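Participant: Sharing a structure with you now.
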Amino acid sequence: MPDAIDILVLGSGSFAARILFDLAATTTAPLTVAVAGRNRDRLDWLRTAANARAEMFGRPIRCVSQAIDLLEADATAELLEHHRPAVVVQAASLQPGSVISSTGNAWSQLVAEGGLSATAVFQARLSMRVARTLQRVHSTGRLINCCFPDVVNSMIAAAGLPIACGIGNVAILAHAFAGAQPDAPPHSLKLLAHYQTIAPWRRPKEERVGPLPRVWIGDEELTDALARFAEVRLTPEPVIDISGASGVPLIQAMAFGTEWVGHVPGPNGLPGGYPVRYRAGTVELDLPGSLSQDEAIVWNASFEAANGLVVEGGCARYTGRLYDRFRRASPELAAGFAVADIDAVYDEMVALRARLQSRTALD
């Protein structure tokens, strides 16, 4: 493995693969990318396939791989300190994405009824560990957290740790809507979209209900998003072919030091998703002229305040239906936790998840 790499992708699942493969097919300037995770056989395949795609499309990119257990205390520190990547893409999660479409046990019921913030602790543990290590040994590296960034990035920031942004979620709708409006000027379509606003587009158009994103073309806010984008249809399972791919142009901009305009969730630890601009090494909000930053943040924060996980003053607390479901399963966990205690809370949450998965329904 070379001493210097441009991009480090942590994780070997489908999300990491989409990022890696699209980097290999689209990069226009030389890059070295490393993919790291626990499954050596899977890493060998990702490296082989990425390098094959680079050759296939004539792209100046080289992929290498390294087996590593992110749960080992010093493994990530050694990796970051030695190779010092410009961009760290954290896509390793302790909660499979399939939870959004799973059924048949009390844990899947809790997630279905209470919302995805039930999984936040599982999504946050590795990402917070990577952020803590990055701050300590390689503070100039930029961290992109792919694991439930609408909520987890707020937890990372509340712990005083570095976070540039996430990828996916708001960008799913932004790209899907823009793809349905091919005559609109480039970058004219802007969205505010919390992850909870994605759900309507997973359903047939005649069954769409629930919270909606806010959409602008230029400075004009649309009032007919459901009708205008009726032909956009997402899959019930994670839409990795859009969400994972959406981060590739931003990752390249960070690696090359160029500018980029688009949409990301959790920029600088904010809740929810926003239009942004990346320049001079910083992710900045790029809102429509009629929308203030405070209004945008309050709008996104309102979703978790009504139902989900709110992060304030270094503490996380459950709200709404999710709080009620957690209280039925574990009054102690329902009471919330200090973000700094994530490792201990994770152990408690693992025990709860195992107990609920062994039952057919919540009491």
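Participant: Only one of these is among the hydrophobic types (A, V, I, L, M, F, W, C), in a loop (DSSP other than H, G, I, E, B), under 23 Å from the mean Cα position of the chain (by Cα) and more than 30 Å from Ile297 (Cβ to Cβ): Leu79, Leu94, Leu46, Leu70. Name it.
Facilitator: Leu70
Participant: Quick test for you: out of Ala316, Ala361, Ala340, pick the one residue that is touching a residue at least 60 places away in the same chain (Cβ under 8 Å), outside any helix (DSSP H, G or I) and under 28 Å from Leu161 (Cα atoms).
Facilitator: Sole residue among the options that is touching a residue at least 60 places away in the same chain (Cβ under 8 Å), outside any helix (DSSP H, G or I) and under 28 Å from Leu161 (Cα atoms): Ala316.
Participant: Turning to a different aspect of this structure: Quick test of your reading of the structure: Leu309 fulfils all but one of (1) of a type in the set (A, V, I, L, M); (2) modelled with pLDDT of 95 or more; (3) more than 20 Å from Leu94 (Cα to Cα). Name the failing condition by number.
Facilitator: (3)
Participant: What's the number of the condition Asn39 fails, among (1) crowded, with 18+ Cβ neighbours inside 10 Å; (2) in contact (Cβ under 8 Å) with a residue 24 or more places away in the chain?
Facilitator: The one condition Asn39 does not meet is (1).
Okay, residues lined up against (1) in a helix (DSSP H, G or I); (2) buried (at least 18 other Cβ atoms within 10 Å of the Cβ); (3) at pLDDT 95 or above:
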{"position": "Ala176", "(1), (2), (3)": "yes, yes, yes"}
{"position": "His187", "(1), (2), (3)": "no, no, no"}
{"position": "Lys190", "(1), (2), (3)": "no, yes, yes"}
{"position": "Leu234", "(1), (2), (3)": "no, yes, yes"}
{"position": "Glu237", "(1), (2), (3)": "no, no, no"}
{"position": "Ile251", "(1), (2), (3)": "yes, yes, yes"}
{"position": "Gly262", "(1), (2), (3)": "no, yes, yes"}
{"position": "Val276", "(1), (2), (3)": "no, yes, yes"}
{"position": "Glu284", "(1), (2), (3)": "no, no, yes"}
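Participant: A further question on this structure: Which number in (1) of a type outside the set (Gly, Ala, Ser); (2) modelled with pLDDT of 95 or more; (3) outside any helix (DSSP H, G or I); (4) touching a strand residue (DSSP E or B) at 6+ places or on another chain (Cβ under 7 Å) marks the one condition that Leu23 misses?
Facilitator: The number of the failed condition is (3).
Participant: How do the pairs read when you match residues in the stretch 222-249 that are without any contact (Cβ under 8 Å) to a residue 60 or more places away in the chain with residues anywhere that are assigned to a helix (DSSP H, G or I), using Cβ under 6 Å and keeping only pairs 6 or more apart or on different chains?
Facilitator: Close Cβ pairs (under 6 Å, with a partner that is assigned to a helix (DSSP H, G or I)) amount to Phe229/Phe177; Ala230/Lys205; Val232/Ala176; Val232/Trp201.
Rundown of residues vs (1) out of contact with any Leu (no Cβ under 6 Å at 6 or more places or on another chain); (2) of a type in the set (A, V, I, L, M, F, W, C); (3) within 30 Å of Asp324 (Cβ to Cβ); (4) exposed (fewer than 15 other Cβ atoms within 10 Å of the Cβ), yes/no style:
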{"position": "Ile5", "(1), (2), (3), (4)": "yes, yes, no, no"}
{"position": "Thr26", "(1), (2), (3), (4)": "yes, no, no, no"}
{"position": "Val35", "(1), (2), (3), (4)": "no, yes, no, no"}
{"position": "Ala50", "(1), (2), (3), (4)": "no, yes, no, no"}
{"position": "Met56", "(1), (2), (3), (4)": "yes, yes, no, yes"}
{"position": "Arg62", "(1), (2), (3), (4)": "yes, no, no, no"}
{"position": "Pro85", "(1), (2), (3), (4)": "no, no, no, no"}
{"position": "Gln95", "(1), (2), (3), (4)": "yes, no, yes, no"}
{"position": "Val111", "(1), (2), (3), (4)": "yes, yes, yes, no"}
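Participant: Across the stretch 336-353, what is the total count of residues that are among the acidic types (Asp, Glu), more than 22 Å from the chain's Cα centre (by Cα) and closer than 16 Å to Arg317 by Cα?
Facilitator: Looking only at that region, the number is 1.
Participant: Let me ask something else. Here is a list of conditions, (1) at pLDDT 95 or above; (2) out of contact with any His (no Cβ under 7 Å at 6 or more places or on another chain), and Thr140 meets all of them except one; can you say which number that is?
Facilitator: Result: Thr140 passes all but (1).
Participant: Determine whether Pro271 is over 22 Å from Pro186 (Cβ atoms) and in a loop (DSSP other than H, G, I, E, B).
Facilitator: Working: over 22 Å from Pro186 (Cβ atoms): yes; in a loop (DSSP other than H, G, I, E, B): yes.
Yes.
The values are calculated or read from the model by the stated rules, or taken from the named source; none is laboratory data. Predicted model, so just to flag it, every value in this text is computed and none were measured. Here the Cβ is made from the backbone with ideal geometry for all residues, glycine too, and neighbour counts use every protein chain on show.
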